[in-house]
1. Residues 246, 252: which one is surrounded by fewer than 18 Cβ atoms within 10 Å (Cβ to Cβ), at pLDDT 95 or above and either more than 30 Å from residue 151 (Cβ to Cβ) or in the same structural domain as residue 116 (by TED's automatic domain parsing) (or both)?
2. Quick test of your reading of the structure: residue 201 fulfils all but one of (1) under 21 Å from residue 15 (Cβ atoms); (2) modelled with pLDDT of 95 or more. Name the failing condition by number.
3. So residue 109 ticks every box in (1) within 13 Å of the chain's Cα centre (by Cα); (2) at positive phi but one. Which box is left unticked?
4. Starting from residues that are buried (at least 24 other Cβ atoms within 10 Å of the Cβ) and under 18 Å from residue 24 (Cα atoms), keep the ones in the range 266-291 and report whichever is modelled with the lowest pLDDT.
5. Of all residues in the range 178-206, which are in contact with a helix residue (DSSP H, G or I) (Cβ under 9 Å, 6 or more places away or on another chain), closer than 24 Å to residue 19 by Cβ and assigned to a helix (DSSP H, G or I)?
6. Let me confirm something: among 447, 390, 441, which residue is at pLDDT below 80 and surrounded by 11 or more Cβ atoms within 10 Å (Cβ to Cβ)?
């Protein structure tokens, strides 16, 4: 980002989105952006004045990552696009989405890619989804220097977290706990008939682990209109949601990952399925947020219900301390945020010095051309006067007419000048008679005498 003078400013980042923590499943379902729709949505952002953006869309979150000169305006543009896509009023959209700015936005992107914002800490799918979203934005030229800098730092950090902590093992441990429970009850996972209800990322994690254990017969259903396409991508059989009672009766294990805010399986539905199974038990893994399965199932013979919290507890009781690893990963994120901000500040400072050097050179050349016959003393005096003319005028005007904020800026400038040129505090005050004279009188050409 550059201003009219060509100086590069620090990028401003913003994130606006809806996740399983902030928005209901119906809103997220309407907002979900598949690969075919992502390009059109990015074009809508371009038309709204946003030139750098990434759209991350998973089952549990849809987020817009922006690099913009005015983050607040950028967020307003996104909210208008979201309102248009979901068919919801702006007031509803504002209640469903979260917003992050500048350093908080950077930290959020880091945490998402490191799976610290996922329902199952450390799950591996999200990093691939982030990389895919970045690649699609790059393909349509929506990645500039600012977002590229952020995402390269993000990928580097995510690799470091995976390498130096065991947080990824924790995600596998949670899913493995579900497989072990099913194995203890039903035996060989290859013979288990699995039913997945909903499209949540946590459900996908458990499905993947069952597949690795040998489970082959997998059926996907759910209330979302995207379920049939998702079933094809996941290589699962598809069952219409209105056929849930029959699908449930045929399942040995059920994974729910919808989080619609209402129970997809209640006591009566489960009891009917168990009667058809003639006493064969069903294991229910409820990964919804909020929960998808009525706790009243616990009273049914043959129904074994486990929530995500149950699976996490079982993982903690094992050999792996997942939350301790998550704390270490979070510490690494915070350290990287600080180093990232420092690197941005350094990048901003270098072009400023280059421009300042060029300005000094232009002034020097001007003085030589205008005063070709001046001796060394006169030429250097004129050079100093020309260099200090503009900053002196600006500082005097601010001191005379500016408000409280402007005066604070003036104090900051004085302190920065002192550090840049290794000046003593008394030098900044202009306390000497010579200093007062240099600050006050002018030459005919407007330079300071």
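The values are calculated or read from the model by the stated rules, or taken from the named source; none is laboratory data. Because the structure is a prediction, the values reported are computed rather than measured. We place every Cβ from the backbone using ideal geometry, glycine too, and count neighbours over all the protein chains shown.
1. Matching residue, one of 246, 252: 246.
2. Condition (2) is where residue 201 drops out.
3. Failed condition: (2).
4. Selected residue: 288.
5. 178, 201, 202, 204, 205, 206
6. That would be 447, the only listed residue that is at pLDDT below 80 and surrounded by 11 or more Cβ atoms within 10 Å (Cβ to Cβ).
Residues checked against (1) touching a residue at least 60 places away in the same chain (Cβ under 8 Å); (2) within 14 Å of residue 199 (Cα to Cα):
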position	(1), (2)
234	no, yes
271	no, no
280	no, no
287	yes, yes
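Residue-by-condition table, conditions (1) closer than 29 Å to residue 204 by Cβ; (2) outside the structural domain of residue 137 (by TED's automatic domain parsing); (3) assigned to a strand (DSSP E or B):
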| residue | (1), (2), (3) |
| --- | --- |
| 28 | yes, no, no |
| 33 | yes, no, no |
| 36 | yes, no, no |
| 41 | yes, no, no |
| 49 | no, no, no |
| 59 | yes, no, no |
| 65 | yes, no, yes |
| 69 | no, no, no |
